[in-house]
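Written out below as structure tokens is the structure these notes cover.
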Amino acid sequence: MLAIARQRMLGQSFKKILPAVSVLRSYSSAAKQITVREALNSALDEEMSADPKVFLMGEEVGEYQGAYKITKGLLEKYGPERVLDTPITEAGFTGIGVGAAYYGLKPVVEFMTFNFSMQAIDHIINSAAKSNYMSAGQISVPIVFRGPNGAAAGVGAQHSQCYAAWYASCPGLKVLSPYNSEDARGLLKAAIRDPDPVVFLENELLYGESFPVSDEVLDSSFCLPIGKAKIEREGKDATITAFSKMVGYALKVSEMLEKDGIYAEVINLRSIRPLDRATINASVRKTNRLITVEEGFPQHGVGAEICASVVEESFSYLDAPVERIAGADVPMPYAANLERMAVPQVEDIVRAAKRACYRSVPLAATA
Amino acid sequence: MASWGRRSSGMVHHIKALSKVELRGKAGEMKGGWWRYPVQPGVASALVPRSWPCVNTMASLFLVQRFKSSLPQKQVEDDDDDQDLDFPGGKVAYTSEMEFISGSYDKRIPCYRVLGDDGELIKDGSDFEKVNKELAVKMYSDMVCLQIMDTFMYEAQRQGRISFYMTSFGEEAATISSAAALTKDDIILPQYREPGALLWRGFTLQEFVNQCFGNKDDGGKGRQMPIHYGSRKHNFVTVSSPIATQLPQAAGMAYSLKMDKKDSCVVAFIGDGGTSEGDFHAGLNFAAVMEAPVIFVCRNNGWAISTPTSDQFRSDGVVVKGQAYGIPSIRVDGTDALAVYGAIRAARSMAINEQRPVLVESLAYRVGHHSTSDDSTKYRSLNEIEHWKTDRDPVNKFRKWVELNGWWSERDEADLRSSIKKQLLKAIQVAEGTEKPPLTELFTDVYDLPPSNLVEQEKLLRQTVNKYLHDFPSDVSLH
């Protein structure tokens with residue numbers, strides 16, 4: 001029943017994202033299209049094939065082929081020693097994964113959603129993130145924590161929180177969040193190869209989205225650098241930063257703004273920690289206006305950090321106050337109409353961009 | 001009295017027999033409440049009565065105990081129509097008798113020991129794992145060394161020279177004998193009261209003291225508070241403050257060892273209090289399911305800071321919890337160096353040869369305070385503490401046994417103690433006078449490679465310190 005409701009919602013947001021996908025100018029000329037799901041699956045497959053130390057753990061990752069089918073076919077290919085179905089204890093299997101990583105294996109731990117990672121957050125922070133430092137370099141933790149993050153559709157407060165800001169505030173962790181298939185492949189491969197613990201924040205609604213990919217992306221050695229943002233669309237009038245699903249929204253917004261003569265530059269952050277401050281600041285120095293977009297809660301969010309960075313480094317370049325678009329400061333409601341009001345919509349971002357450009361807009365309700 | 005000379009693997013065999021029977025669900029022959037179990041070859045197979053006044057082997061007691069509490073005899077006799085319930089997880093016999101497994105216990109799991117309080121072998125005791133002179137003397141010397149180090153370092157904290165310390169008084173045998181029974185390839189995941197194990201493996205007094213002072217020679221680069229030792233070289237994973245997190249980590253590490261088919265195991269320590277943590281359940285359950293070679297050693301010392309075990313759990317201690325996970329378990333006298341040595345040797349053999357977890361509950365009273373931040377006289381009686389400190393001291397007990405064998409003398413004692421004291425005083429003096437770690441170590445090891453923001457920040461910080469030298473303490477070394 002939930003699945004049907006979800007599909008309907010998916011259909012709605014799909015409509016919003018689809019036009020953005022047609023903006024091909026920042027993609028290399030591509031013939032093939034793959035879904036984010038296929039991108040993640042192929043990345044896992046290739047990394048497991050290349051390095052026998054890589055193994056998967058999580059609830060339903062094996063026999064069930066993955067709660068969201070991301071790990072489809074991997075149990076069959078690599079066997080139960082490398083694809084472990086775990087009992088229901090996030091704290092337990094996260095601790096086990098960390099222990100295995102201490103010894104030298106490279107676990108990829110899946111959380112059914114990052115909301116459940118809170119039951120394991122002590123292991124993520126105190127056992128994984130801080131270990132290299134606390135042990136003076138004797139214990140490294142080459143582990144990847146991955147799973148869907150942020151709002152899905154109609155799943156309520158305990159299934160919809162965005163954890164980008166929480167994890168990104170902790171030194172010792174790296175935090176990545178892909179948008180399209182190219183991001184998904186390149187960043188997941190980079191995360192698995194990285195010797196530090198990485199939190200990999202996916203998005204449930206993007207799993208089924210198709211994006212064009214070049215041959216280079218499909219090559220098994222393809223890898224994206226951690227800590228580098230991507231300018232999805234160049235512009236000169238305003239900078240819009242976003243990650244994950246909001247990148248699609250930002251691209252749609254940039255199309256809509258073009259009609260009003262505002263050419264927005266869209267930055268796909270890709271990496272929340274380390275944050276690519278250089279790219280963001282360079283862009284703001286060019287456009288002089290900044291709009292940050294995220295789905296998570298506004299206070300102490302990713303946008304707050306970006307804003308601080310820009311104010312510290314490029315203050316004199318700003319021609320307008322920074323506009324922060326974030327989710328509503330309430331636990332996510334379930335009812336469809338309320339849920340719609342609790343997450344950023346394309347119109348909210350358009351209004352914010354116009355405000356930054358001194359266009360008069362009707363005052364929107366602000367948090 | 002001379003039975004200690006006979007080399008025997010009786011202990012191992014008993015536990016093995018126990019575990020085999022348990023695992024394959026063999027109820028054996030139940031006739032009128034008697035239980036038959038296999039014993040070591042050469043000894044006639046014994047029928048063990050339900051009431052067992054003079055049976056002296058742990059295995060049989062445990063076995064009978066288990067069946068007694070779950071009343072399987074009745075089950076077998078009252079089998080319902082010879083039908084079994086075919087259910088996920090295995091067949092289960094039906095019964096028409098409604099019977100609850102008792103939550104309480106008539107008789108507690110007994111505690112395995114080799115030495116009496118007087119340091120002499122138990123008369124008519126069973127064979128134990130033999131310890132030669134060299135091993136015994138090293139075990140004893142290390143126990144004395146630990147005691148003296150704890151005494152001095154506790155004092156140092158009281159004098160304000162270090163910020164914090166935790167002693168192992170009363171538990172010297174529990175940790176040192178455990179380490180003695182392992183090889184250097186076995187990986188130890190401590191809780192925080194196991195410096196004895198690290199000492200056994202060769203961590204020097206200077207290294208211990210350097211860590212407590214957090215100076216530049218500290219292997220931990222001054223990153224952690226005192227007693228949070230760690231040494232990759234000694235296969236001793238760095239102490240981590242959150243309780244019980246090392247248990248699922250141990251299962252994970254053991255799984256890795258299993259995949260590598262190594263001839264070694266993981267040993268994870270936990271206190272009585274730590275068994276209440278969710279990670280205890282996850283760690284033991286997982287280790288059993290994954291069939292990982294890990295020994296869980298629970299140092300039940302009676303107290304979790306001020307919480308007595310009666311407020312911690314209502315089970316018969318920790319040993320019975322193992323069975324709930326399908327893990328063979330034993331209760332051992334933690335003040336008896338030989339008993340601990342033997343139990344851990346047997347556990348190690350089982351863990352590695354059978355690739356499965358084992359649980360060892362060691363009972364040894366916590367004589368000292370929880371830490372330097374605690375005054376345990378506030379919640380327990382001085383008499384109780386004094387009794388365990390003097391009458392039940394594990395170091396004295398073992399000393400008596402070593403002396404009885406003619407391996408130790410008064411002269412050796414005096415020499416050892418004065419030597420350790422001298423080394424320790426020197427170590428403390430040196431550590432105190434050594435510089436603190438250089439500024440660079442503030443920024444290294446956050447990640448594998450230093451990130452650009454930290455590189456920048458370090459450069460900026462150095463500039464600032466150089467410019468405003470007077471604003472910064474003199475022990476901030478810029479080298």
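The values are calculated or read from the model by the stated rules, or taken from the named source; none is laboratory data. These numbers come from a predicted model, not from an experiment. Cβ: placed from backbone, ideal geometry, glycine included. Neighbour counts: every protein chain shown.
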Has segment A:172-195 got at least one residue that is facing chain B (nearest Cβ under 10 Å), surrounded by fewer than 22 Cβ atoms within 10 Å (Cβ to Cβ) and on the phi < 0 side of the Ramachandran plot? yes
Among (1) within 22 Å of B:Y325 (Cβ to Cβ); (2) buried (at least 21 other Cβ atoms within 10 Å of the Cβ), where does B:P226 come up short? (1)
So which residues in segment A:168-191 are within 11 Å of the chain's Cα centre (by Cα) and part of a loop (DSSP other than H, G, I, E, B), if there are any at all? A:S177, A:P178, A:Y179, A:N180
Could you list, in sequence order, the residues of segment A:249-260 that are over 19 Å from A:G327 (Cβ atoms) and either at pLDDT below 95 or charged (D, E, K, R) (or both)? A:E255, A:E258, A:K259, A:D260
Set A:A157, A:A165, A:A151: member being under 13 Å from the mean Cα position of the chain (by Cα), at pLDDT below 95 and more than 14 Å from chain B (Cβ to nearest Cβ): A:A151
Go through A:G303, A:G296 for me and flag whichever is surrounded by 14 or more Cβ atoms within 10 Å (Cβ to Cβ), among the small types (G, A, S), assigned to a loop (DSSP other than H, G, I, E, B) and out of contact with any Leu (no Cβ under 7 Å at 6 or more places or on another chain). A:G296
Name every residue in segment B:193-215 that is assigned to a helix (DSSP H, G or I) and more than 18 Å from the chain's Cα centre (by Cα), in order of residue number. B:L205, B:Q206, B:E207, B:F208, B:V209, B:N210, B:Q211, B:C212, B:F213
Please verify whether segment B:272-279 includes one or more residues that are of a type outside the set (G, A, S) and either surrounded by fewer than 24 Cβ atoms within 10 Å (Cβ to Cβ) or not assigned by the TED database to the domain that holds B:S376 (or both). yes
Criterion (modelled with pLDDT of 95 or more and surrounded by 14 or more Cβ atoms within 10 Å (Cβ to Cβ)) met by exactly one of B:E403, B:E410: B:E403
Right, A:I143: more than 7 Å from every other protein chain (Cβ to nearest Cβ), in contact (Cβ under 8 Å) with a residue 12 or more places away in the chain and of a type in the set (V, I, T) or not? yes
So in segment B:216-238, with the set limited to residues that are part of a loop (DSSP other than H, G, I, E, B) and more than 9 Å from every other protein chain (Cβ to nearest Cβ), which one is farthest from B:V360 (Cα to Cα)? B:K216
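Table: residues versus (1) closer than 20 Å to B:L338 by Cβ; (2) in the same structural domain as B:F169 (by the TED database); (3) more than 23 Å from the chain's Cα centre (by Cα); (4) part of a loop (DSSP other than H, G, I, E, B).
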{"site": "B:N383", "(1), (2), (3), (4)": "no, yes, yes, no"}
{"site": "B:E386", "(1), (2), (3), (4)": "no, yes, yes, no"}
{"site": "B:R392", "(1), (2), (3), (4)": "yes, yes, no, yes"}
{"site": "B:V395", "(1), (2), (3), (4)": "yes, yes, no, no"}
{"site": "B:F398", "(1), (2), (3), (4)": "yes, yes, no, no"}
{"site": "B:D412", "(1), (2), (3), (4)": "yes, yes, yes, no"}
{"site": "B:R417", "(1), (2), (3), (4)": "no, yes, yes, no"}
Exactly one condition in (1) part of a loop (DSSP other than H, G, I, E, B); (2) free of Cβ contacts under 8 Å to residues at least 40 places away in the same chain is false for B:E129; which is it? (2)
Before we move on, is B:K422 more than 14 Å from chain A (Cβ to nearest Cβ), surrounded by fewer than 14 Cβ atoms within 10 Å (Cβ to Cβ), without any contact (Cβ under 8 Å) to a residue 24 or more places away in the chain and under 30 Å from A:A191 (Cβ atoms)? no
Contact list please: Cβ distance under 6 Å, first residue in segment A:207-225 and more than 19 Å from A:S244 (Cβ to Cβ), second residue buried (at least 16 other Cβ atoms within 10 Å of the Cβ) and aliphatic (A, V, I, L, M), pairs at least six apart or on different chains. A:S214/A:A30; A:C223/A:A190
Checking B:S241 against (1) closer than 30 Å to B:M350 by Cα; (2) surrounded by 20 or more Cβ atoms within 10 Å (Cβ to Cβ); (3) within 14 Å of chain A (Cβ to nearest Cβ), the condition it does not meet: (2)
With respect to the numbered conditions (1) exposed (fewer than 13 other Cβ atoms within 10 Å of the Cβ); (2) part of a helix (DSSP H, G or I); (3) outside the structural domain of B:T335 (by the TED database), which one is the sole condition not fulfilled by B:L478? (2)
List pairs: first in segment B:383-403 and farther than 16 Å from B:G334 by Cβ, second of a type in the set (D, E, K, R) and assigned to a helix (DSSP H, G or I), Cβ under 8 Å, 6+ apart or cross-chain? B:R399/B:E413
Within segment B:447-466, restricting to residues that are assigned to a helix (DSSP H, G or I) and within 12 Å of chain A (Cβ to nearest Cβ), the one that is surrounded by the fewest Cβ atoms within 10 Å (Cβ to Cβ) is B:E456
Identify, please: which residue in segment B:258-284 is touching a helix residue (DSSP H, G or I) at 6+ places or on another chain (Cβ under 7 Å) and polar (S, T, N, Q) and is, among those, nearest to the other protein chains (Cβ to nearest Cβ)? B:S264
A:T94 fails exactly one of the following numbered conditions: (1) within 27 Å of A:E295 (Cα to Cα); (2) in contact with a helix residue (DSSP H, G or I) (Cβ under 9 Å, 6 or more places away or on another chain); (3) more than 9 Å from chain B (Cβ to nearest Cβ). What is the number of that condition? (3)
Can you find a residue that is surrounded by fewer than 21 Cβ atoms within 10 Å (Cβ to Cβ), within 14 Å of chain A (Cβ to nearest Cβ), more than 29 Å from B:W388 (Cβ to Cβ) and more than 16 Å from the chain's Cα centre (by Cα) anywhere in segment B:301-324? no
